[in-house]
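Engineer: Here it is, the structure, as structure tokens.
The values are calculated or read from the model by the stated rules, or taken from the named source; none is laboratory data. Everything numeric in this text was worked out from a predicted model, so none of it was measured. Positions of Cβ are backbone-derived with ideal geometry, glycine not excepted, and every protein chain shown enters the neighbour counts. Areas reflect the complete protein model, heavy atoms only, side chains present, ligands, DNA and RNA absent. Shrake-Rupley method; radii C 1.70, N 1.55, O 1.52, S 1.80 Å.
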Amino acid sequence: MIRKILYFMDNYRSLGGAANTLLRQAILMRHIGKTVIVAVSNDGINQVCEDYLKICAQEDIPTYEQKFSVANQPEGVSLFSILENYDQIKAFIDLQKPDIVHSVQLNPTVELVCRELKLPHVMNIYQALPEFFVFPYPDIFARFHICDSQCYAAFWKKYLKTKSYCVRTVAQREKKRERHNFAENLRFICVGQLCERKNQLEVMKAFRLAVKRGLKGTLEIWGHVDSSYADKCQQYISDHMLGNYISIKGFSDDLENIYQECDALICGSTSESYPNVVSEALANQVIVITTPVAGVPEIIRDRENGYLCKGYSAECIADKIMVFEQDIRTGAIKKVWSHANDTYDRVHSPIAVTESLIKTYDEILLEYRQKSCSLYTIEDLKEEFKETIDCFLKYRDQFTDEAFIKMNLWKIHFVVLCLKRTGLNKNQGFYIWGTGKLGGYYKEIIEIFAPDIRISGFIDSYKTGDYMGYQIVPPKDILRGPKKTLLLGVFRAEEIIETLRKSDYRYGTDYFKFEQIPW
């Protein structure tokens, strides 16, 4: 039986969705009498996220600051953080003596410590791309995994061979409505940081289409607005003079009242595991209109307990907005609203999620006791990366940006390993794409970590001539003819990656990056 649980959060400056989910799970365990301890990281930041300290204090959960790093994909592991913080984390966990350890995202430091101390360790992690798993990573990741959707539980099981479980997100219902009276002028909200994957621009386009079709209502966009994408959204409102019925409100820490005062939530996400806003809307008895992103169709059934769009376009979203409006007029909304309430009680209520989490912990503990632990240890990690680490330490003064190299040494190790295995001497050429600061870093990395690899030149769409003693070649000359091997020395490479995909270049085989590829 599990009595004491140690939770490891992250070292991000704000409370993200994954960490918020794990913190809510910790609170559930505290409420049923488990001994709960939370560790937050100050690694690489001046101050830990204050939300952790505030929430844990309110729930009377002991909180400790420690140094450790997390990654939201296997490419983002901090090799030096593991090595530098291992002993301290080992002493901390050994002192706490938990029955089980639970981390947000990938936390190799904690995983390797738990192996040595013979403790079960489980991670909460969500969406990812298949490309994140192309390199031959050693066995340093948690073998137990909790996710908020069945589809991404299956995804991580496939790529990391984890024992994966689905535990849905929890949302607290503060007030219960016996019924909802929909006003003639409907109020819609869209909640979440304004960014490409949340797809708010397409939601606004959809709402504009719906208004043209006769919808009477307003749309409010709530979330952090410190991004160029948010500027695009605001510009769209201005360009099309939509200010009378679409507005960007910014971030609010009083979402409960916002939910209580609206008629429907529109979730337009294109990349999620299971959006927290869906469970929050159901908790507040707000109708959900959502794209079919990842695990959402596992719970939301179209016109049964919500409205499920056929796709992610403005047209698809607008169609469901109009169906929702039609169901209000015909009275069909009563059944949808009632079924949505049942869904909350069955799936997202504290009672339902507590039962699911306790059952999962018990199964993990049983599974752990029946299986032998992995033999890969911190000593194996040191040995495997010794040559790369020694090279970095020997030449660290020669790097223009030592911190960049140190932060990405894990990824550099695997890319160099793959480049050496591809047999570049038989290739049609090896090029670095980008003649800016990052391209210069990449040249240094190759010359120091892989001096036998000959650079053929640099690629740039706008510059000609020479760069750092090498010829600059336009992309069109590279992409025609036999494939070359490419390094993408560009900070924001999404458009280049899309171009390479269209030319049948494969990540991890034909092109590489020394830092994480973008989502």
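Engineer: Find the eigenvalues of the gyration tensor of the Cα atoms of segment 304-345, then list the square roots of 5 times those eigenvalues as equivalent ellipsoid semi-axes, largest first, in whole angstrom. Display every interim value, and only then the final one.
Structural biologist: Values: eigenvalues 81, 38, 5 Å².
So the three semi-axes of segment 304-345 are 20, 14, 5 Å.
Engineer: Percent of alpha carbon pairs in segment 1-147 separated by more than 27 Å?
Structural biologist: In whole percent, the share of Cα-Cα pairs in segment 1-147 beyond 27 Å is 15.
Engineer: Under 17 Å between alpha carbons, and skipping anything fewer than 8 positions from LYS420 in its own chain: which lysines qualify?
Structural biologist: Partners within reach: LYS411, LYS443, LYS483, LYS484, LYS513.
Engineer: Using DSSP to define loop residues, name the chymotrypsin sites (Phe, Trp or Tyr not before Pro) in segment 248-339 whose beta-carbon has at most 14 other beta-carbon atoms within 10 Å. If you can, show how the numbers build up before the last one.
Structural biologist: Numbers: sites: PHE251, TYR259, TYR307, TYR312, PHE324, TRP337; in loops: PHE251, TYR312.
Passing both the DSSP loop test and the Cβ count: PHE251.
Engineer: Sticking with this structure for a sec: Give, rounded to the nearest 20 debye, the magnitude of the charge dipole that segment 387-446 has about its Cα centre when Lys and Arg contribute +1 at Cβ and Asp and Glu contribute -1 at Cβ.
Structural biologist: Working: 9 positive and 6 negative charges, 53 e Å.
For segment 387-446, the charge dipole is close to 260 debye.
Engineer: Then there is this: With the alpha-carbon atoms as the only input, what is the per residue convex hull volume for the chain in Å³?
Structural biologist: Values: hull volume 82.3 nm³, N = 519.
Given the Cα convex hull of the chain, per-residue volume reads 159 Å³.
Engineer: A follow-up question, please. Over 22 Å between Cα atoms, which of LYS67/LYS161; LYS175/LYS334; LYS163/LYS371; LYS67/LYS406 qualify?
Structural biologist: Working: LYS67/LYS161 28 Å; LYS175/LYS334 19 Å; LYS163/LYS371 12 Å; LYS67/LYS406 17 Å.
Flagged as over cut-off: LYS67/LYS161.
Engineer: Still on this structure, I have one more. What's the extension gain from LYS359 to LEU393 if we count 0.36 nm per residue and subtract their Cα-Cα distance?
Structural biologist: Values: separation 34, 0.36 × 34 = 12.24 nm, distance 4.71 nm.
Value of the extension gain: 7.5 nm.
Engineer: Which Rg and Dmax, in Å, describe the Cα atoms of segment 75-162?
Structural biologist: 13.3, 38
Engineer: Would you mind working out the magnitude of the charge dipole of segment 182-316 relative to its Cα centre, with +1 at each Lys and Arg C-beta and -1 at each Asp and Glu C-beta, to the nearest 20 Debye? Spell out each step's value before the answer.
Structural biologist: Values: 13 positive and 18 negative charges, 116 e Å.
Dipole of segment 182-316, to the nearest 20 debye: 560 debye.
Engineer: OK, next. Where does each of 293-305, 112-124 land if you order them by average Cβ count within 10 Å, highest first? Don't jump to the answer; show the numbers that get you there.
Structural biologist: Details: 293-305: 19.6, 112-124: 21.3.
Sorting 293-305, 112-124 by mean packing, highest first, produces 112-124, 293-305.
Engineer: Could I ask something else about it? Compute the distance from the alpha-carbon center of segment 213-282 to that of segment 333-347, in whole Å.
Structural biologist: 23
Engineer: Work out the charge dipole of the chain with +1 on the Cβ of Lys and Arg and -1 on the Cβ of Asp and Glu about the Cα centre, then indicate which of VAL277, ILE287, MET241 is farthest towards its positive end.
Structural biologist: Most positive-ward Cα: ILE287.
Engineer: In Å², what does the accessible area per residue of segment 360-477 work out to with a 1.4 Å probe? Walk me through the numbers before you get to the answer.
Structural biologist: Numbers: 6540 Å² over 118 residues.
Dividing the accessible area of segment 360-477 by its residue count gives 55 Å².
Engineer: A follow-up question, please. Considering only protein heavy atoms and a 1.4 Å probe, what is the carbon-and-sulfur percentage of the accessible area of the chain?
Structural biologist: Values: 11020 of 23180 Å².
The C+S portion of the solvent-accessible surface of the chain is 48 percent.
Engineer: Using only helices, what value at 222 nm comes out for the chain when you add -39,500 (n - 2.57) per DSSP H run of length 4 or more and divide by the total residues, to the nearest 500 deg cm²/dmol? Can you show the working numbers first?
Structural biologist: On the way: 19 runs with 214 residues, N = 519.
Helix contribution divided over all residues of the chain: -12500 deg cm²/dmol.
Engineer: Mind ranking 189-202, 228-241 by how tightly packed they are, going by the mean number of other C-beta atoms within 10 angstrom, highest first?
Structural biologist: On the way: 189-202: 21.9, 228-241: 13.4.
In decreasing order of mean packing, 189-202, 228-241 become 189-202, 228-241.
Engineer: Where in segment 254-292 does the label zone of SER247 land, with the point 7 angstrom along Cα→C-beta and an amide N cut-off under 19 Å?
Structural biologist: 254-266
Engineer: If packing is taken as the mean number of other Cβ atoms within 10 Å per residue, what is the order of 274-286, 459-471, 24-36, highest first? Don't skip to the end; give the middle numbers.
Structural biologist: Numbers: 274-286: 25.6, 459-471: 14.1, 24-36: 18.1.
Sorting 274-286, 459-471, 24-36 by mean packing, highest first, produces 274-286, 24-36, 459-471.
Engineer: Would you please state which residues of segment 225-264 a label at ALA183 would reach in this model, taking the label point 7 Å out along Cα→Cβ and a backbone N cut-off of under 12 Å?
Structural biologist: In segment 225-264, the label zone of ALA183 (backbone N under 12 Å from the point 7 Å along Cα→Cβ) covers 261-264.
Engineer: Of TRP222, ALA71, TYR152, which is farthest on the positive side of the dipole of the chain, counting Cα position, with +1 on Lys and Arg Cβ, -1 on Asp and Glu Cβ, and the Cα centre as origin?
Structural biologist: Positive-end residue among those listed: TYR152.
Engineer: How big is the equivalent ellipsoid of segment 371-519 along its three axes, where each semi-axis is √(5λ) from the Cα gyration tensor, reported in whole Å from largest to smallest? Walk me through the numbers before you get to the answer.
Structural biologist: Working: eigenvalues 157, 68, 41 Å².
Rounded to whole Å, the semi-axes are 28, 18, 14.
Engineer: Another one. Give, rounded to the nearest 20 debye, the magnitude of the charge dipole that segment 56-144 has about its Cα centre when Lys and Arg contribute +1 at Cβ and Asp and Glu contribute -1 at Cβ.
Structural biologist: Numbers: 6 positive and 12 negative charges, 40 e Å.
Once rounded to the nearest 20, the dipole reads 200 debye.
Engineer: Right, another one. In whole Å, what is the distance between the alpha-carbon centres of segment 481-497 and segment 357-396?
Structural biologist: First find each Cα centre; the distance between them is then 32 Å.
Engineer: Mind checking the full-extension length gain between ARG501 and ARG3? Use 0.36 nm per residue of separation minus the Cα-Cα distance, one decimal, nm.
Structural biologist: Numbers: separation 498, 0.36 × 498 = 179.28 nm, distance 5.00 nm.
That works out to 174.3 nm of additional length.
Engineer: Per residue, what accessible area does segment 57-204 have, given a 1.4 Å probe and all protein chains present, in Å²?
Structural biologist: On the way: 5790 Å² over 148 residues.
Averaged over the residues of segment 57-204, the accessible area is 39 Å².
Engineer: So if each residue of separation counts as 0.36 nm, and I subtract the Cα-Cα distance between GLN370 and LYS463, what length gain in nm does that give? Display every interim value, and only then the final one.
Structural biologist: On the way: separation 93, 0.36 × 93 = 33.48 nm, distance 6.08 nm.
Length difference between fully extended and current span is 27.4 nm.
Engineer: Which one of LEU201, PHE404, TYR86 is farthest out on the positive end of the charge dipole of the chain, using unit charges on Cβ (Lys, Arg +1; Asp, Glu -1) and the Cα centre as origin?
Structural biologist: Toward the positive end, the furthest listed residue is LEU201.
Engineer: Further question: Could you check what % of the DSSP bridge pairs in the chain are antiparallel, to the nearest 5?
Structural biologist: Numbers: 3 of 58 bridges.
Looking only at bridges with both residues in the chain, the antiparallel portion is about 5 percent.
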